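The values are calculated or read from the model by the stated rules, or taken from the named source; none is laboratory data. Just so it is clear, the model here is predicted, and its values are computed rather than measured. Quick reminder, even Gly has a Cβ in these numbers, built from the backbone with ideal geometry, and neighbours come from all protein chains shown. What goes into the accessible areas is simple: the full protein's heavy atoms, side chains included, and nothing from ligands, DNA or RNA. Shrake-Rupley method; radii C 1.70, N 1.55, O 1.52, S 1.80 Å.
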Amino acid sequence: MGRQIAIDGPAGAGKSTIARSLAKRLGYIYVDTGAMYRAMALYFLRKGILAEETERIEAACGEADVTIAFENGEQQVLLNGENVNGLIRTEAVGNMASASSVCLKVREKMTELQRKLAQEADVVMDGRDIGTFVLPQADVKIYLTASIEERARRRALEYEQKGITADIEQIAKDIAERDYRDMHREHAPLRQAEDAVLVDTSDMTIPQVEERLLELCKVPENGGKSDFFA
Ligand code: DC
């Protein structure tokens, strides 16, 4: 088993930006688990399924085959063989991913894939339940967060850079709803693992967060083994 870095936190906390650059600097693969839930969500949306139609989601779950490939170190998500990387970064898909990820069948399927990936290489994996559920034995656990206002501001900026008009108040509302749903669902809800380090990025720049995480991910001189029996 390789080294495992688990990064969890709410929507828009900067997990993917930071996890991607951290993985690059450590030479590990980066696994974006949100993208997997988003690919499933795209399948449900294409079928015309609504977020609240839990039974239809459960029934359609088996038809959506989500797999991962790496191209130049970048994760590509395939939905029934189609590369959907360019189609999953919308608010509609994100909201459907949050809604459909409450279904146990969806979670079981994604968790199995994530654990398999973590067995194959050293990984930085980000999501909502990585440190608490998917990789409870991870070597380093980080809970990355920021205030709702700051997260909404960053999301709006991202959209504007892509030429998409963004309503910051609507984004803040969506984020708050998403946080609530992700934190209160029955299976593997978002919460900070007891042994995770909390990093609040509200007043930090990206390079500052990167340095902080790199520091946290350093391999201890004793290789991570307890000194107790030394
Ligand atoms: O990180 P993201 O915004 O791409 O994730 C989209 C949704 O997917 C998120 O709101 C909840 C769900 N998700 C999850 O339930 N568990 C994960 N490990 C990752 C994402």
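One residue stands out in segment 24-49 among those that are surrounded by fewer than 24 Cβ atoms within 10 Å (Cβ to Cβ) and among the small types (G, A, S): the one that is nearest to the ligand (Cβ to nearest atom), namely G34. Just so you know, in segment 1-23 the residues that are open to solvent by 40 Å² or more (accessible area, probe 1.4 Å) and among the polar types (S, T, N, Q) include one that is farthest from the ligand (Cβ to nearest atom), and it is T17. On the stretch given as segment 35-59, residues that are touching a helix residue (DSSP H, G or I) at 6+ places or on another chain (Cβ under 7 Å) and either among the small types (G, A, S) or at positive phi (or both) total 2. Does R107 fit the bill of being over 12 Å from the mean Cα position of the chain (by Cα) and near the ligand (Cβ under 8 Å from one of its atoms)? Yes, satisfied. In segment 11-116, counting only helices (runs of 4 or more DSSP H) that sit wholly within it, the ones holding 3 or more residues that are of a type in the set (D, E, K, R) span 15-26, 54-60.
Restricting attention to segment 121-171, the residues that are in contact with a helix residue (DSSP H, G or I) (Cβ under 8 Å, 6 or more places away or on another chain), open to solvent by less than 10 Å² (accessible area, probe 1.4 Å), assigned to a helix (DSSP H, G or I) and within 17 Å of V31 (Cβ to Cβ) total 2. Within 15 Å of the chain's Cα centre (by Cα), away from the ligand (no atom under 13 Å from the Cβ) and under 18 Å from G14 (Cα atoms): does that describe V140? Taking the combined requirement at face value, the residue does not satisfy it.
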